[in-house]
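The values are calculated or read from the model by the stated rules, or taken from the named source; none is laboratory data. This is a predicted model, so every value here is computed, not measured. Ideal geometry is used to build each Cβ from the backbone, glycine not excepted, and the neighbour counts take in all protein chains shown. Please note that ligands, DNA and RNA were not included when accessible areas were found on the heavy atoms of the full protein model with its side chains. Shrake-Rupley method; radii C 1.70, N 1.55, O 1.52, S 1.80 Å.
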Amino acid sequence: MQAHIHRNYWVEVNLDYLKNNFQAIRKTVEPAMIMPAVKANAYGHGIVMCCKVLEECGASYLGVGNLDEAILLRRQGIKIPLLIFAGNQLEENVADYIQYNLIPTVFNIRQAKALSSVADREIPIFIKIDTGRGRLGINAEQFPDLFRQIEALPNLKVEGVYSHMLGADWPDENNPERSAYAFWQGQRFAQALDSAGSGAAKIPFLQLANTPACIAYPNLRMTGVCPGRAIWGFSPLEQRPEHPTLRMPMVAVKSRVLHIKEACAGKFGPNGSAVKLEKPIRIGVIAGGVSDGISPAHAKNGYVLIKGKRIPIASAICLEHTILDLSEHPDIQEGDEVVIIGKQGDEEITIAQILAAWNKTLVELWTSFTPHIPRVYLQDEKIVAVTDGDIPIPV
Ligand SMILES: *Cc1c(COP(=O)(O)O)cnc(C)c1O
């Protein structure tokens, strides 16, 4: 580690894999425009550096979850169009959308009027349609009416219409039922646009497809796609033939040994209960605990890697620290690097092992590494950037 990070706990992200995923998806969906979903701190990968890479790769838009993340991206020099999915009362925040040149998601006339009345220039907006997820967005059948009302307002340009579709299995000729829900959503979307008149035919960005749909359903790709999980290296359809090869950019979670000593008491009893020990044990305390994404379940049979060896957890996982049992490892020293997820020497703790042990889904695991945790970014196996609290710091 060259950069000076203030905490000895960090997540490593391989930017070559991120580029690989973007390019693999682009090859699959060309000529559709790509709007990678970067909500929730880029699915936990660190929004600033990942978005710099996606911008360089040629993403047309970025789909950002909330205003704070979008403003951070603008302050860090991201120039490409940013769509904000919906995370606030739009009417209360129009000034920020306009100042930072952010594309709002609109799904009712109230929001459109608020923007139109404040705008000092033509503001691009995206309208969100609900096609079958049953969440945000105007119901597809009501879209034409909303669109005509918006068309009549000054200072607004409908640059995109999108929907976050639900599911989409690989189409199966022998089992058309599997594709029925996906096609029904596609029909609702197409019908909504067809019924909205000639103005709607000129909207440049029409998007329905998320990860599985953009890979498996060419007919649902429209002019744009919005892959989330696939950008971050996961697709629920990965086992299928013709699937692009994806790699997970989050390659490691690491820490260092802060303190080594002989402990004579502590939470070393059954289920983390307090006990006085008959014989002191040699413990090592590392940075990183429950608030850093380490599950309390790691106390049960969990281990980390140091010097390429498996080192058992000694006690309950604390909020910001984890205690190791070093009784069998006299060679380990303060400052040694610790692998919580990833490879070291001949050993590896895989994400799959951790998901099973911690009983989490992949997206839960990624996003449990909150923005306050430093990220170390690798390219060509070298460190190219480090962020602390999501802000890049000198390497
Ligand atoms: C998160 C998100 C996506 C991406 O979904 P994946 O299934 O992860 O690809 C697409 N559209 C919207 C509106 C989203 O919020």
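Structure above, values below:
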{"item": "Filter result (under 22 Å from Thr367 (Cα atoms), in contact with a Ser or Thr (Cβ under 7 Å, 6 or more places away or on another chain) and in a strand (DSSP E or B)) within the range 234-288", "result": "Ile286, Ala287"}
{"item": "Residue check, Lys279 in contact (Cβ under 8 Å) with a residue 12 or more places away in the chain and surrounded by fewer than 16 Cβ atoms within 10 Å (Cβ to Cβ)", "result": "no"}
{"item": "Which listed residue is within 15 Å of the ligand (Cβ to nearest atom), under 22 Å from Met35 (Cβ atoms) and at pLDDT below 95, from Gly137, Gly167", "result": "Gly167"}
{"item": "When residues of the range 177-195 are limited to those that are of a type in the set (Ser, Thr, Tyr) and in a helix (DSSP H, G or I), the one farthest from the ligand (Cβ to nearest atom)", "result": "Ser179"}
{"item": "Qualifying position, being of a type in the set (Asp, Glu), over 17 Å from Ile391 (Cβ atoms) and open to solvent by less than 50 Å² (accessible area, probe 1.4 Å), among Glu56, Glu12, Glu69, Glu30", "result": "Glu12"}
{"item": "Only listed residue being on the phi < 0 side of the Ramachandran plot, modelled with pLDDT of 95 or more, touching a strand residue (DSSP E or B) at 6+ places or on another chain (Cβ under 8 Å) and among the charged types (D, E, K, R), chosen from Glu364, Glu328, Glu348", "result": "Glu348"}
{"item": "Breaking point among (1) open to solvent by 50 Å² or more (accessible area, probe 1.4 Å); (2) within 30 Å of His164 (Cβ to Cβ); (3) away from the ligand (no atom under 16 Å from the Cβ), for Arg256", "result": "(2)"}
{"item": "Residue that is nearest to the ligand (Cβ to nearest atom) [pool: residues in the range 196-246 that are open to solvent by 60 Å² or more (accessible area, probe 1.4 Å) and touching a residue at least 60 places away in the same chain (Cβ under 8 Å)]", "result": "Arg229"}
{"item": "Residue list for the range 103-140, restricted to those being touching a strand residue (DSSP E or B) at 6+ places or on another chain (Cβ under 8 Å), under 25 Å from Arg74 (Cβ atoms) and not in a loop (DSSP other than H, G, I, E, B)", "result": "Ile103, Thr105, Val106, Ala112, Leu115, Ser116, Ile123, Pro124, Ile125, Phe126, Ile127, Lys128"}
{"item": "Residues located in the range 304-314, provided they are surrounded by fewer than 19 Cβ atoms within 10 Å (Cβ to Cβ) and in contact (Cβ under 8 Å) with a residue 24 or more places away in the chain", "result": "Lys307, Gly308, Lys309, Arg310"}
{"item": "Selection from the range 101-123 of residues that are under 19 Å from Gly65 (Cβ atoms) and either open to solvent by 40 Å² or more (accessible area, probe 1.4 Å) or among the β-branched types (Val, Ile, Thr) (or both)", "result": "Asn101, Ile103, Thr105, Val106, Phe107"}
{"item": "Filter result for Phe143 (open to solvent by 60 Å² or more (accessible area, probe 1.4 Å), assigned to a helix (DSSP H, G or I) and more than 14 Å from the ligand (Cβ to nearest atom))", "result": "no"}
{"item": "Candidates Thr367, Thr387 - the one that is hydroxyl-bearing (Ser, Thr, Tyr), open to solvent by 10 Å² or more (accessible area, probe 1.4 Å) and not in a loop (DSSP other than H, G, I, E, B)", "result": "Thr367"}
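Residue by residue, here is whether (1) closer than 19 Å to Lys202 by Cα; (2) of a type outside the set (Val, Ile, Thr); (3) touching a Pro at 6+ places or on another chain (Cβ under 6 Å) holds:
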site	(1), (2), (3)
Ile71	no, no, no
Ala114	no, yes, no
Ala119	no, yes, no
Ile125	yes, no, yes
Lys128	yes, yes, no
Gln149	yes, yes, no
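Conditions tested, residue by residue: (1) modelled with pLDDT of 95 or more; (2) farther than 20 Å from Tyr162 by Cα; (3) among the charged types (D, E, K, R).
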position	(1), (2), (3)
Leu18	yes, yes, no
Val29	yes, no, no
Gly44	yes, yes, no
Gly65	yes, no, no
Glu69	yes, yes, yes
